[in-house]
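Structure, as structure tokens:
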Amino acid sequence: MSAPELIRIVSRDSPMALAQVERVRAELGALHPGIATEVIPVKTTGDRWMGALSQVEGKGAFTKEVDAALLAGDADLAVHCVKDIPGDRPLPAGTTFAAFLERDDVRDALIHPGGLTLDELPAGTRIGTSSVRRIAQLAGSHPQLQCVPMRGNANRRMEKLAAGEADALLLAVSGLERIGRTDVITQILSVDEMCPPVGAGVLALQCREDDTETIDAVSGLGHPQTFQETAAERMLLHVLQGHCNSPIAGYAKTDRRGELSLRACVFTPDGKTVLNAHEWAGPLTPETLGTSVAVALLRQGARELIDSIAH
Ligand SMILES: NCc1[nH]cc(CCC(=O)O)c1CC(=O)O
């Protein structure tokens, strides 16, 4: 089998996305020093539109233009945050996942310029986040705080925080690590305080499905445990068929013995109702585990809850 001479990598053009591409280039360079890489940055609908994501036509606001470049043959490899890839439908026809890189930190962090923790923040403190998952969990645990809409890449959100558009932010630890800004973190929230989203901290490598040269070249970057966790979480989301206003959290974890388990929650927007399920895989495949946890949530009323939220 022949290895490609050059792999053209397409991604969003935010500082976080470009840092992700640099990680892929470094790992690929170590595995295949002979393969050259080129970066093709593109702006996505999600980067341009600063309103509510539910108002964007169709899903995949952060992936559509990247996938289009891959399918058009303008690039050979797309790098995505799994968290940004719609989970209720298959990947765009003609593309496939070639690898999931080893998972980074899955937790969310509080950024408060005054250095306070969530419990210490005074009533009425404005938390900048548009994430329905973060809003619902915060409303449940800290109803005295107030969430205000905040979109844009992590660097832009920090500029907005500095400009006074919010008093504090919630952002993913992994994203802050990627842009080299863990210095702003005032508190890391445990996964019990703030259950992570499906695909948190995981980067996916996506190729054209007929491009076996590139698939074979990059598949060695895959991390088997991350693959299993991601498969379980994405199957959960697929079975639940959430929409972009669905407060859903899902977190698969492999323990020290190598046993896979999946916790998932569905919330009402006010955080007062929490459907919660946790199961161990045992002999089940990751996909069957994801299905089983989703079914447990559906039995608790997840369908009605998800459908009752406007979208
Ligand atoms: N919504 C944008 C987005 N997509 C992925 C990450 C973080 C990195 C990851 O979880 O892979 C972020 C930023 C954030 O939520 O703070």
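The values are calculated or read from the model by the stated rules, or taken from the named source; none is laboratory data. This structure is a prediction, so every number in the text was calculated from the model and none was measured. Cβ: placed from backbone, ideal geometry, glycine included. Neighbour counts: every protein chain shown. Just the protein is used for accessible areas: all its heavy atoms, side chains included, with ligands, DNA and RNA removed. Shrake-Rupley method; radii C 1.70, N 1.55, O 1.52, S 1.80 Å.
Miscellaneous remarks
- Rg to Rh, two decimals, where the chain supplies the alpha carbon set and Rh follows Kirkwood: 0.96
- Among H32, H278, H238, the largest mean-square fluctuation in a Gaussian network model of the chain (Cα springs under 10 Å) belongs to H32.
- Inverse mean reciprocal Cα-Cα distance (Kirkwood Rh) of the range 108-188, Å: 12.5
- Springs join every pair of Cα atoms under 10 Å in this Gaussian network model of the chain, and among Q206, Q225, Q55 the largest mean-square fluctuation is at Q55.
- Only the Cβ atoms of Lys and Arg (+1) and of Asp and Glu (-1) were treated as charged; on that basis the dipole of the range 233-307 about its Cα centre amounts to roughly 160 debye.
- Qualifying chymotrypsin sites (Phe, Trp or Tyr not before Pro) in the range 1-106, DSSP loop, other Cβ atoms within 10 Å at most 16: W49
- Straight-line cross-link partners of K253 among the lysines, defined as a Cα under 17 Å from its Cα and at least 8 positions apart when in the same chain: K83.
- The alpha carbon centroids of the range 193-221 and the range 57-94 are separated by 11 Å.
- Charge tally around T214: other residues with Cβ under 9 Å, Lys/Arg +1 each, Asp/Glu -1 each, net -3.
- Fraction of beta bridges assigned by DSSP in the chain that are antiparallel (%, nearest 5): 65
- Aspartates and glutamates with Cα under 12 Å of K59, excluding same-chain neighbours fewer than 8 positions away: D84, D88
- Cut-off of 10 Å, at most 11 other beta carbons, DSSP loop: longest stretch of the chain lacking such GluC sites (Glu not before Pro): 58-258
- Accessible surface for the chain, divided over its residues, is 44 Å² per residue with a 1.4 Å probe.
- Every helix of 4 or more DSSP H residues in the chain counts as -39500 (n - 2.57), and over all residues that averages to -9000 deg cm²/dmol at 222 nm.
- The chain: DSSP helices with Cα axial extent of at least 15 Å and average Kyte-Doolittle hydropathy no lower than 1.6: none
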